[in-house]
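This report refers to the structure that appears directly beneath it.
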Amino acid sequence: MNVLSVVGARPQFVKAFVVSRELRTQHDELLVHTGQHYDEELSDVFFEELGIPEPDFNLGIGSKSHAKQTAQMMTDLEDLVDDYDPDVVLCYGDTNSTLAAALVASKMDTQLAHVEAGLRSFNREMPEEVNRILTDHVSDILFTPSERAVGHLESEGITENVHNVGDVMYDALLSAREKATGQSTILEDLALEDEEYLLATVHRPRNTDNRERLETIIASLAADPRRVVLPAHPRTLDRLERYDLLETAEDELTLIDPVGYLDFITLQADAEIIVTDSGGIQKEAFFLDVPCVTLREETEWPETVDAGGNVLVGANADAIERALTNPPQSSSDARPYGDGTAAKQITRVLRKLST
Ligand code: UD1
Ligand code: UDP
């Protein structure tokens, strides 16, 4: 089968790391990078350290308003689909790169496959929620990470060609863990080997684009007696500066540039608590059995909360303090996100469809 895969943002590189590797054992893949993320530490580092195949095309779209970014991606992707006539366009997750690929493929003579289908936060103010609902509804093949995701699709009338393969990020973590142990020197570099520390990330517009929320989050982290390591997304750095919070963040926290995946999973595995508003990181904390404090009011990964290891605190100072004092503990050995063979299963399903 000829597969045209579309990636563009950090978490999609992590997903493509395991899926592309497996796909290429049985299919021909053309990998397209939209250029949504372009900084070395948000893009190149993942390709280099994880051995992801060089993208066949980088559309170089860059940062823009939602409409401009999505529209420009669509124009270029339409030309590529026209030229290469793939059997399947494969997209991941819920970013603008996902939506652009979905809208293009759904109106052309190719099938659309969505990896990470069926997730819902039930908060339509998140651009990601809009992206994932629209993508699911125009997909021909839907790869879900969990039973609950299958249920969401069912309740929206999507029941055909739904394959519950598990979560590709679980595959990625299992695959990179050993390499990270051998290669990452981040704990030594930050002198964290003998120290209890918290690892934090913040990048959701709801938190970064609201001064009060961002200030509360930074102040709550700063109030914890332990060291707090915060690899800052460029959006976050920009808002810290704009809201005059950068100095406090630099003084009170260990504010660093985003790090590569091998360093980041090393930091996660060794942290006392992970504090985040990221989707992927909530799951990685769960897989690594590290308590997770989620700076959101809802999550598309509720299984992690049900298991006890994740707590939703929003940007509420009291709730954050309580969670940092009494971190959530997972009390379940449930494995709601499959067995780490999602990429293999995706490859197999596509193979069956081609025969
Ligand atoms: C995007 C996704 C989000 C995902 C996140 C992963 C959408 C709508 N959002 O959010 O779902 O969780 O990626 O990290 O698709 N910037 C840089 N360098 C870069 C990329 C971005 O400086 O390489 C800055 C730009 O100022 C840009 C801002 O970050 O305006 C936001 O980037 P954008 O890709 O629009 O959204 P993210 O917040 O990264
Ligand atoms: N990540 C990373 N370096 C960092 C922060 C995150 O490698 O400095 C990885 C993390 O391990 C996870 C993915 O990036 O695999 C999550 O991406 P992000 O939080 O940007 O996006 P989301 O999952 O919220 O869409």
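Observations on the model:
- Residue list for the stretch 242-252, restricted to those being more than 16 Å from ligand 1 (Cβ to nearest atom) and part of a helix (DSSP H, G or I): Glu247, Thr248, Ala249, Glu250, Asp251, Glu252
- Entry remark, the stretch 78-94: residues being farther than 20 Å from Ile346 by Cα and not in a helix (DSSP H, G or I) number 1 in total.
- Some residue of the stretch 63-74 being away from ligand 1 (no atom under 12 Å from the Cβ) and β-branched (Val, Ile, Thr): no
- Residue ID - farthest from ligand 2 (Cβ to nearest atom), chosen from residues in the stretch 14-40 that are without any contact (Cβ under 8 Å) to a residue 40 or more places away in the chain and in a helix (DSSP H, G or I): Ser20
- Residues that are under 15 Å from Leu198 (Cα atoms) and of a type in the set (Val, Ile, Thr) were ranked within the stretch 272-310; the one that is surrounded by the fewest Cβ atoms within 10 Å (Cβ to Cβ) is Val290.
- Any hit, the stretch 221-241, residues being hydroxyl-bearing (Ser, Thr, Tyr), over 17 Å from the mean Cα position of the chain (by Cα) and either in a helix (DSSP H, G or I) or surrounded by fewer than 17 Cβ atoms within 10 Å (Cβ to Cβ) (or both): no
- Residue identified as touching a Phe, Trp or Tyr at 6+ places or on another chain (Cβ under 9 Å) and either in contact (Cβ under 8 Å) with a residue 40 or more places away in the chain or more than 14 Å from Thr201 (Cα to Cα) (or both) among Ile265, Ile281: Ile281
- Any hit, the stretch 124-133, residues being more than 17 Å from the chain's Cα centre (by Cα), within 16 Å of ligand 2 (Cβ to nearest atom) and not basic (Lys, Arg): yes
- Tabulated pairs, the stretch 145-170, first on the phi > 0 side of the Ramachandran plot, second of a type outside the set (S, T, N, Q) and buried (at least 17 other Cβ atoms within 10 Å of the Cβ), C-beta under 8 angstrom, 6+ apart or interchain: Asn161/Ile141; Asn161/Leu142; Gly166/Pro145; Gly166/Tyr337; Gly166/Gly338; Gly166/Gly340; Gly166/Ala342
Residues are listed down the side, and each one gets a yes or a no for (1) under 26 Å from Thr95 (Cβ atoms); (2) polar (S, T, N, Q); (3) touching a Leu at 6+ places or on another chain (Cβ under 9 Å):
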residue	(1), (2), (3)
Gln282	yes, yes, no
Asp289	no, no, no
Thr304	yes, yes, no
Ala307	no, no, no
Asn326	no, yes, no
Gln329	no, yes, no
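- Hits in the stretch 253-280 (condition: within 16 Å of ligand 1 (Cβ to nearest atom), part of a strand (DSSP E or B) and either at positive phi or not aliphatic (A, V, I, L, M) (or both)): Thr276
- Enumerated helices (runs of 4 or more DSSP H) restricted to the stretch 115-211, each holding at least 2 residues that are within 14 Å of ligand 1 (Cβ to nearest atom), modelled with pLDDT of 95 or more and surrounded by 23 or more Cβ atoms within 10 Å (Cβ to Cβ): 127-138
- Selected residue (criterion: farthest from the chain's Cα centre (by Cα)) from residues of the stretch 336-355 that are part of a loop (DSSP other than H, G, I, E, B) and either modelled with pLDDT under 95 or aromatic (Phe, Trp, Tyr) (or both): Thr355
- The number of residues in the stretch 148-178 that are over 18 Å from Asp289 (Cα atoms) and over 19 Å from the mean Cα position of the chain (by Cα) comes to 14.
The values are calculated or read from the model by the stated rules, or taken from the named source; none is laboratory data. Just so it is clear, the structure is predicted and the values come from calculations on it, not from any experiment. Neighbour counts are summed over all protein chains in view; Cβ atoms, including those assigned to glycine, are modelled from backbone coordinates with ideal geometry.
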